[in-house]
Amino acid sequence: EAAIGACEKLGITPTGKRTGALDPADEGSDDVAFLGATGVHIDVLTQWSGKGSDLFQTADKAFSLCDEHGIDGFTFDSDGLGASIRGDAKVINERRRAQGIRQIAVSAFRGSEGVFDPEGEMVPGRKNKDFFKNAKAQAWWRLRILFENTYKAVVKGLPFDPDEIISIDPNLPLRNQLMGELCQPVYSINTTGKVVVDKAPNGTKSPNLADTVMIRYQP
């Protein structure tokens, strides 16, 4: 709740790259989700059903959303079925190049891979490789830190780094659903003492909107 309109509450203007995130889905029950943000401020969020379409169409729509909202590029979830998005994006960019249209930068995020900066310490006193099981756990924890920083700045009035908070546009479509999904993931500690994140506990649906936030702000 502190993050809703945080930039305005804190009197800062969002700066930084205008980029997005894509959480693809197949023809099952999950929806495709797409997010756009300028720096720390999220101002684009949409979802649609993957039924009756394929991943190429999903990639093509993501490109269209980038054009519509002035987004320079996006990161996509490449675990599982999303792996083909990279090749689809290359084909779409080649088509755009031939038509004289700007290129969209596309990068992959694999939550199942090893952690980012394994020797670094996101949590003081614990190396990332010793604290997190994988990149997914690290990315969700990073999001937790950003929301905590925002709460301390907005509610407690503590000093803050304007690049280390997170702000959600008050008029964002699907805002209430997003807030519910952001509260859904839980974590546990495995037998080796590392953090493991379960984003869909107790049979809940995959939090596709929240996944885009995690992907967009992963370290």
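The values are calculated or read from the model by the stated rules, or taken from the named source; none is laboratory data. The structure presented is a predicted model; accordingly, all values stated were derived computationally and were not measured. Using ideal geometry, Cβ is built from the backbone for each residue, glycine included, and neighbour counts are taken over all protein chains shown. The area values use the complete protein model at the heavy-atom level, side chains included, leaving out ligands, DNA and RNA. Shrake-Rupley method; radii C 1.70, N 1.55, O 1.52, S 1.80 Å.
Mind checking which residues of region 174-203 are assigned to a loop (DSSP other than H, G, I, E, B) and surrounded by 13 or more Cβ atoms within 10 Å (Cβ to Cβ)? Selection gives L174, Q184, P185, K194, K199, A200.
The one condition from (1) in contact with a helix residue (DSSP H, G or I) (Cβ under 7 Å, 6 or more places away or on another chain); (2) modelled with pLDDT of 95 or more that I85 does not meet is (2).
Going through region 204-219 one residue at a time, which ones are among the charged types (D, E, K, R) and either surrounded by 13 or more Cβ atoms within 10 Å (Cβ to Cβ) or part of a strand (DSSP E or B) (or both)?
Filtering region 204-219 for residues among the charged types (D, E, K, R) gives 205, 211, 216.
D211, R216, listed by residue number.
Restricting to region 20-56, count the residues that are at pLDDT below 85, in contact with a Gly (Cβ under 6 Å, 6 or more places away or on another chain) and surrounded by 16 or more Cβ atoms within 10 Å (Cβ to Cβ). Even if it seems obvious, please write down each step before you answer.
Going residue by residue through region 20-56, those that are at pLDDT below 85 are 25-30, 50-54.
Cutting the leftovers down to in contact with a Gly (Cβ under 6 Å, 6 or more places away or on another chain) gives us 25-27.
The next check asks that each one be surrounded by 16 or more Cβ atoms within 10 Å (Cβ to Cβ); those that pass are 25-26.
The qualifying residues number 2.
Among the numbered conditions (1) in contact (Cβ under 8 Å) with a residue 12 or more places away in the chain; (2) under 26 Å from D67 (Cα atoms), the only one that Q99 does not meet is (1).
Taking region 104-132, which residues are of a type outside the set (G, A, S) and closer than 19 Å to S78 by Cβ? Break it down into steps so the answer makes sense when it comes.
Restricting attention to region 104-132, the residues satisfying the condition of being of a type outside the set (G, A, S) are 104, 106, 109-110, 113, 115-119, 121-124, 126-132.
Hits for region 104-132 are I104, V106, F109, R110, E113, V115, F116, F132.
If you check G111, G120 for being part of a loop (DSSP other than H, G, I, E, B) and touching a strand residue (DSSP E or B) at 6+ places or on another chain (Cβ under 8 Å), only one passes: G111. Residues that are closer than 21 Å to F76 by Cα and more than 15 Å from the chain's Cα centre (by Cα) within region 133-171 comprise K133, N134, listed in sequence order.
If only residues of region 57-84 that are over 23 Å from T38 (Cα atoms) and assigned to a helix (DSSP H, G or I) are counted, the one that is least open to solvent (accessible area, probe 1.4 Å) is G82.
Filtered by the rule that a residue be free of Cβ contacts under 8 Å to residues at least 24 places away in the same chain and either open to solvent by less than 70 Å² (accessible area, probe 1.4 Å) or of a type in the set (K, R) (or both), region 102-122 gives R102, G114, V115, P118, G120.
Scanning region 163-203 for residues that are in contact with a helix residue (DSSP H, G or I) (Cβ under 9 Å, 6 or more places away or on another chain) and polar (S, T, N, Q) yields S167, Q177, Q184, T192.
Among the residues of region 81-135, the ones that are β-branched (V, I, T) and over 21 Å from Q57 (Cα atoms) come to 2 in all.
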